[in-house]
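As structure tokens, the structure follows; a few thoughts come after it.
Quick note: the coordinates plus some simple rules give every number you see, no bench work behind them. All values reported here derive from a predicted model rather than from experimental measurement. Neighbour counts are summed over all protein chains in view; Cβ atoms, including those assigned to glycine, are modelled from backbone coordinates with ideal geometry.
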Amino acid sequence: MLFERTGTKKLHDIILIGYGLHVPLQCSFHRRRLLEEKRENEEKRYQQAMAAEAKHAEALRIEEEQRMAAAERERLDTMIATRLSRDSGRATMIDTPTTSMSSGSSIDSTKSKTKHDLSAWRYAELRDTINTSTDMELLMACKEEFHRRLRIYNAWKSRNQSDNEAARTTPRAPNAVYTNAQKRSIVAPQVNPALTMQRYFKIVISLKIITDSRIVQNGLWYAHFNGQWIQRQIEMHPNKSPVLLVAGRDDLRMCEIPLDQTGLTRKKGAEILESEFETVWLHLGGAPLQKWQP
């Protein structure tokens, strides 16, 4: 038998069931609503967790692809360095193993596809573009890639030298230049008018002489930078013939660090006038440059 009683407050309405059980109607709806909200929240958390997991998996996939690409690049760079080390001292670079390009049209098409990714370019292509290109952006990209390969080779060579070989090796640039470069990442500078400026520097360089007394002699190091990259270099040490180096011929023996990374522009008294550099260069028998290259 069912009885109904209405109280003064709606929240206290109840249904009296014949078995004597009192079921609060409002409280039952509230519990069901809480359960539904809880279910919805659980569903949202599940969807968010699945989305986060998918995002993490995608990030891992991209990271793995980048790692594999970097490993392949390192393998090719090591191959370049190994083959360079077998050279008889000539300032040349061995091409990376790439697909042969027999015609000028195929070279042009390859360049257009990899305008800023020059890892597959041969050394001859890089050097020819540096010497002949009027496309400033492409020219700077070629110079960056060219000197990147030089840095890889020089780093590889340093790691594989014995202590005696390292002691006998003439530094390509003063230690201060490399110390400063290690503090900053080697990043290609942005294209701007300053990249074609001709700047000249002179600093003292130390050279250890292998003797019983381990004598350290000071010499002079002159550098002519064509924009960000070195164009000519002079090394002068006591009791040794001066060494004159030119980009394109003596690259493996020259400074491979971009000017912005050397610290030379901030070193007090390091920058000199063009006339001072040219006087020393010509006096030592260096051939005058016929034209400046951008």
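A few remarks follow.
- Listed peptides 282-288, 144-150 appear in the order 144-150, 282-288 once ranked by packing, highest mean of other Cβ atoms within 10 Å at the front.
- Order of Tyr46, Tyr123, Tyr153 - criterion: other Cβ atoms within 10 Å of each residue's Cβ, fewest first: Tyr46, Tyr123, Tyr153
- Exposure proxy order (Cβ contacts within 10 Å, fewest to most) of Arg39, Arg253: Arg39, Arg253
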